[in-house]
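Asks: Please see the structure below; I have some questions.
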Amino acid sequence: PDAIVRIHDVVTDEALDLLRARRVDLALTGVDVVHKDLAYTEIFREPFVLMSHRDWQPTIREWSEEAISALPIISMPRGTGTRLLVEQAFRRGAAHFRPQLELRDLNTIAQFVSADCGIALLPRSAAQIVQTRKLAIHEVRGAPDRSVGIVTRREVELPLLAGWMARAIREKAADSVKAARR
């Protein structure tokens, strides 16, 4: 009853810093971290999608770095798991990722896309969080995907409350994945 739960709404790099500084017990991230001191447990995978103003008619049906590069892309900034994964996908395709705008907040991205200032390249769940009647989400075959998971310190067992939280997150994620498949 006296527990205090703090949620830090930060990007991946900051979340890992908080975990290492022992200011948090776990981090929920959209990138599979590979660090000797941290453990990662995947809870689901999801593809990247294009989010546009509802009036935009996409011509891109298959993932192509060249075709995506020609769009006025709005992206998350460096230091985020989303940006890291997109840059890795472009490097695999021997292309450079050069977004028109870099914005950190999903709601800000949605506002710029709603104003028809560009097309956002986001993980599906991020696009769904901010989707409005003015926005459309477009699946792209062959798009890269990301792993979403829970990160903990390897040498430390989770405190009881944090363990319950991790289980609840895994269960909710499993329910969401099942619902999305229907």
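Asks: Let me know the volume per residue of the alpha-carbon convex hull for segment 76-182, in Å³. Please report the intermediate quantities before stating the final value.
Replies: Details: hull volume 15.8 nm³, N = 107.
Looking at segment 76-182, the number lands at 147 Å³ per residue.
Asks: So, one more: Using θ = phi - 60° and the Karplus curve 6.51 cos²θ - 1.76 cosθ + 1.60, what whole-Hz ³J(HN,Hα) does each residue of segment 119-131 get, with Gly and Pro shown as x?
Replies: 10, 8, 10, 9, x, 3, 5, 5, 5, 5, 4, 9, 4
Asks: Could you list which residues have their amide H under 5 Å from that of Asp32, counting only those 5 or more apart in sequence or on another chain, with H placed in the peptide plane?
Replies: Ser147
Asks: Could I ask something else about it? Would you kindly find the accessible area of Val156, with a 1.4 Å probe and non-protein molecules such as ligands, DNA and RNA excluded, rounding to the nearest 10 Å²?
Replies: 50
Asks: Under a GNM of the chain (C-alpha, springs under 10 Å), which listed residue has the highest mean-square fluctuation: Glu157, Glu66, Glu46?
Replies: Result for the chain, Cα springs under 10 Å: Glu157 fluctuates most.
Asks: Further question on the same structure: Per residue of segment 23-36, in order, report the coupling 6.51 cos²θ - 1.76 cosθ + 1.60 (Karplus, θ = phi - 60°) as ³J(HN,Hα) in whole Hz, putting x for Gly and Pro.
Replies: Calculated HN-Hα couplings, in order: 8, 9, 8, 8, 10, 9, 10, x, 8, 6, 7, 10, 9, 4 Hz.
Asks: Turning to a different aspect of this structure: Quick check: net charge around Val11, other residues with Cβ under 13 Å of its Cβ, Lys/Arg +1 and Asp/Glu -1?
Replies: Values: positive: Arg78, Arg83, Arg104; negative: Asp9, Asp13, Glu14, Asp17, Glu102, Asp105.
Net of charged neighbours comes to -3.
Asks: Please check: in the Gaussian network model of the chain (C-alpha springs, under 10 Å), which one of Lys172, Lys134, Lys36 has the largest mean-square fluctuation.
Replies: Of Lys172, Lys134, Lys36, the most mobile in the Gaussian network model is Lys36.
Asks: Just to be sure I understand, if you calculate mean projected area of the Cα convex hull in nm² for this structure, which of (i) 13.4; (ii) 11.7; (iii) 14.2 do you get?
Replies: Here mean projected area of the Cα convex hull in nm² agrees with entry (ii).
Asks: With θ set to phi - 60°, apply the Karplus curve 6.51 cos²θ - 1.76 cosθ + 1.60 along segment 49-58 and write out the HN-Hα couplings as whole Hz, x wherever there is a Gly or Pro.
Replies: Working through the residues one at a time gives 9, 9, 10, 9, 4, 4, 7, 6, 9, x Hz.
The values are calculated or read from the model by the stated rules, or taken from the named source; none is laboratory data. Model, not experiment: these values are computed from the prediction. For neighbour counting, all protein chains shown are included, and Cβ atoms are generated from backbone atoms with ideal geometry for every residue, glycine included. When the accessible area is computed, the model is the full protein with side chains, heavy atoms only, and any ligands, DNA or RNA have been set aside. Shrake-Rupley method; radii C 1.70, N 1.55, O 1.52, S 1.80 Å.
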